[in-house]
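Have a look at the structure below, then the notes.
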Amino acid sequence: MDFFSNESFECIQAFENSNLIPFMSLKLHVYSDLVKAFYSNLEIQEGTLISEIYGIKMVIDQSLFYDLTQLSSEGVPFEGTLIDDWKFEFFVHDARRLVCTNQADMTGRLLAGSLAFERRILHYLIGRILLPKSSNLAQVSEEDLIVMWAFHKGLKIDWAHLIRYRMHKSLRLNAPLPYPHLVTFFLQHFNIPLDSEPYVPIKRSFLIGTAVIASFGYQKEHNGSWVKKGARHVDEEGHGARRFLSSSKDFG
């Protein structure tokens with residue numbers, strides 16, 4: 001997250017306002033076998049996570065979950081689809097216009113390539129860290145659009161509830177297993193023996209930084225601004241390299 005903060009990308013303000021930075025900054029080895037064991041034994045009862053590894057029972061109630069993750073429990077219990085409290089404010093067409101370039105097609109599937117510069121960064125971090133996907137990374141889902149809209153409106157999401165909900169969804173057959181770094185955090189807290197376990201170490205290649213922005217088709221100018229490759233004026237991309245919003249207060 002240091003890279004995005006140093007670049008003064010506006011999404012950082014949204015993450016800070018939602019107290020998401022500690023969770024998004026987790027950098028721990030991943031113990032793949034233990035992640036599978038954790039989810040294989042996982043039960044979620046009234047917001048409490050219960051699992052067991054090597055005979056050690058892990059009970060993570062909502063209080064402990066907050067202590068470990070620092071994820072806020074304030075806000076609406078969003079679960080990926082539009083909730084009743086937002087139905088009179090959220091309109092798909094308006095939300096699309098909010099996040100897309102001026103030239104984007106407002107009909108059909110919404111692709112990441114249609115997003116304005118700062119919104120594309122926000123979408124990438126949502127899909128890679130907050131609500132990780134295993135496929136269709138180039139497509140903006142309804143869930144992605146609602147979350148980006150909520151960030152813009154300054155609406156609070158109960159992220160602790162949403163992360164637990166996503167973990168619960170992973171209990172389906174053949175579902176991908178999210179948040180492996182968080183699982184390692186749980187293992188460490190409950191003193192699960194890790195010394196002899198195989199793990200995937202943190203590598204420099206895992207860092208999300210300049211290469212990611214370049215993969216969007218942007219390059220950094222000498223003055224520090226990001227511009228579309230081959231374009232002289234970022235205005236053609238809907239003010240792509242300008243600030244996400246006029247001021248941080250727009251994030252609520």
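The values are calculated or read from the model by the stated rules, or taken from the named source; none is laboratory data. None of these values were measured; they are calculated from a predicted model. In this analysis, Cβ positions are derived from the backbone assuming ideal geometry, glycine residues included, and neighbour counts consider all displayed protein chains. All accessible areas refer to the heavy atoms of the entire protein, side chains included, with ligands and DNA or RNA removed. Shrake-Rupley method; radii C 1.70, N 1.55, O 1.52, S 1.80 Å.
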Checklist line | All positions within region 199-211 that are surrounded by 10 or more Cβ atoms within 10 Å (Cβ to Cβ), at pLDDT 85 or above and out of contact with any Lys or Arg (no Cβ under 8 Å at 6 or more places or on another chain) | finding: 199, 200
Notebook entry, point to check: Which ones in region 73-93 are aromatic (Phe, Trp, Tyr) and either open to solvent by less than 80 Å² (accessible area, probe 1.4 Å) or under 19 Å from residue 165 (Cβ atoms) (or both)?
Noted result: 78, 86, 90
Next item on the list: Assess whether residue 62 counts as being at pLDDT 90 or above, touching a Gly at 6+ places or on another chain (Cβ under 6 Å), open to solvent by 10 Å² or more (accessible area, probe 1.4 Å) and not β-branched (Val, Ile, Thr).
Entry: yes
Next item on the list: Read through the list (1) part of a helix (DSSP H, G or I); (2) touching a Phe, Trp or Tyr at 6+ places or on another chain (Cβ under 6 Å); (3) surrounded by fewer than 18 Cβ atoms within 10 Å (Cβ to Cβ), then give the number of the only condition that residue 168 fails.
Entry: (2)
Check: Could you list, in sequence order, the residues of region 12-54 that are buried (at least 18 other Cβ atoms within 10 Å of the Cβ), assigned to a loop (DSSP other than H, G, I, E, B) and touching a Leu at 6+ places or on another chain (Cβ under 8 Å)?
Finding: 20, 31, 42
